1. Between Arg123 and Ala89, what is the label-to-label distance in nm when each label sits 7 Å out along the Cα-to-Cβ direction?
2. For the chain, what relative contact order do you get, as a whole percent, if you take Cα pairs closer than 8 Å and at least 6 residues apart?
3. Please list 3J(HN,Hα) in residue order for the stretch 364-379, calculated via the Karplus relation 6.51 cos²θ - 1.76 cosθ + 1.60 where θ = phi - 60°; whole Hz, with x for glycine and proline.
4. With point charges of +1 on the Cβ of Lys and Arg and -1 on the Cβ of Asp and Glu, referenced to the Cα centre of the stretch 294-355, which listed residue (His341, Gly301, Ser324) lies farthest in the positive direction of the dipole?
5. For the stretch 159-175, in order, what is each residue's ³J(HN,Hα) by Karplus, 6.51 cos²θ - 1.76 cosθ + 1.60 with θ = phi - 60°, in whole Hz (x at glycine and Pro)?
6. Under the definition of Cα pairs under 8 Å and six or more residues apart, what whole-number percent is the relative contact order of the stretch 298-382?
7. In nm, to one decimal, how far is the modelled label at Asp375 from the one at Asp170, with both set 7 Å along Cα→Cβ?
8. Once amide H atoms are built 1.01 Å from N in the peptide plane, which residues 5 or more positions from Gly158, or in another chain, come under 5 Å H to H?
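Quick note: the coordinates plus some simple rules give every number you see, no bench work behind them. All figures in this text were calculated on a predicted structure; none of them were measured in a lab. Reconstructed Cβ throughout: ideal geometry from the backbone, glycine too, with neighbour counts over all protein chains shown.
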Amino acid sequence: MTVLVVGGGIGGLATALGLARAGHRVTVLEAAAVFEEIGAGIQVGPNGFRMLDALGVGPVVRSRAVHVDALRLRCGISGGLIAQLPIDAGFRDRFGTYAVVHRNDVLTPLLDACQDDERVDLRVNSGVESYAQDSLGVTAVLRSGDRVHGSALVGADGLRSAVRRQLVGDGDPQVSGHTTFRAVIPAHDVPSGLKENVVTLWAGPRYHVVWYVIAGGRYVNLVATTDNGAADPMTGKPVDHDEVLRHFSPLCDDAARVMELASEWRAWVLCDRAPVTTWQDSRVVLLGDAAHPVLQYAAQGACQALEDAVCLSSVFDPRDVVGSFARYVSMRHARTARVHHASRLMGREVYHPAGDAAADRDAMFASWTTADLHDRLEWLYG
Ligand SMILES: Cc1cc2nc3c(=O)[nH]c(=O)nc-3n(C[C@H](O)[C@H](O)[C@H](O)COP(=O)(O)OP(=O)(O)OC[C@H]3O[C@@H](n4cnc5c(N)ncnc54)[C@H](O)[C@@H]3O)c2cc1C
């Protein structure tokens, strides 16, 4: 009774590990030639760390993380502070760890733990084209024409999931019109005044810039996003420095200095999908971005994939695959839909407003204490 997991990203490997730890055999089918994350930094909230702890890899991820002192929202035009969430003892006592991590420092501990577990069979160059199933089991049909059999199949194959294409059939993801430019800068190139141990977000009219130190302080991660109406869903396309800068104006001095430090940029046009309840087709179920891709604005896509993985592996019962997948979907659907809406809302009302809408946002944050912020985050981190 082997569970097939399609996709070996954070969601797929976390699921494989969770299922193996619960005593099940798992085969991971990954399209790429290596298990690897593209992109640099990721913010992992307390809910994500609790899942990494449940999977037994929390301590090693924490040891490689940068434990920031605060999340700061600044005005992109004036540089003034709009809001601050200290990641201090008060935050940690209530919620737990919030840290920034290199993506591979989340993926590699999951991969190492899978490699150490004889119940997990990891296969690369195994892109899945489709699946077939009957009352006894599931077959993954690979692009090579090979077929792999199992008792159940989890589609963790990301935003452009082949499993979802067959299961939901809702076409391409929805293009948000927002373009994200990402760059990584060696920390020794960054003036010390710009190297605070915080996640800084400068919010301007139809743009925002996020900046934080990663990889034990060796690099700084820069993510600059503009609501420029882009229609072509590009992923990781190299772009010229001057082309990036023209989207970010007016920009306060610190943010402008940070942007000038980057030389190699890559661009992504962000996509998500409206929530659906159809994640399951009998013995086949979706997970992570394949099930509920969100915009990055709540920094929760990977955290939600981790929650999915822990939830699914804790309810999975090989004697009742269909029933246990249905339980997983019912436990996860509303929460991930809420994250989807919160992510879109944050982009619109917190990160990109201009004029009166920006003034309303500033007044709202000014009226909140740290305790108020904690209360508003309880549903997500608590
Ligand atoms: C700019 C940006 C910033 C982000 N920041 C954060 C953040 O701070 N915090 C956070 O929690 N989340 C963040 N996210 C979201 C996060 O990156 C994703 O939600 C998360 O990586 C999804 O994991 P996944 O395993 O579901 O999918 P993926 O990471 O996409 O993994 C899918 C895997 O499946 C493989 N695959 C694809 N198709 C097939 C196939 N047909 N057959 C076999 N294998 C296949 C792929 O090669 C890949 O390895 C961010 C996203 C972006 C774009």
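1. 5.3 nm
2. It rounds to 22 percent for the chain.
3. 4, 5, 5, 7, 9, 7, 4, 5, 4, 4, 4, 4, 6, 9, 4, 4
4. Among His341, Gly301, Ser324, the one farthest towards the positive end of the dipole of the stretch 294-355 is His341.
5. 4, 10, 4, 6, 5, 5, 3, 7, 6, 9, x, 9, x, 6, x, 7, 7
6. The normalised contact order for the stretch 298-382 reaches 23 percent.
7. Simple spin-label model gives 3.4 nm for this pair.
8. It is Asp289, Ala290, by chain and number.
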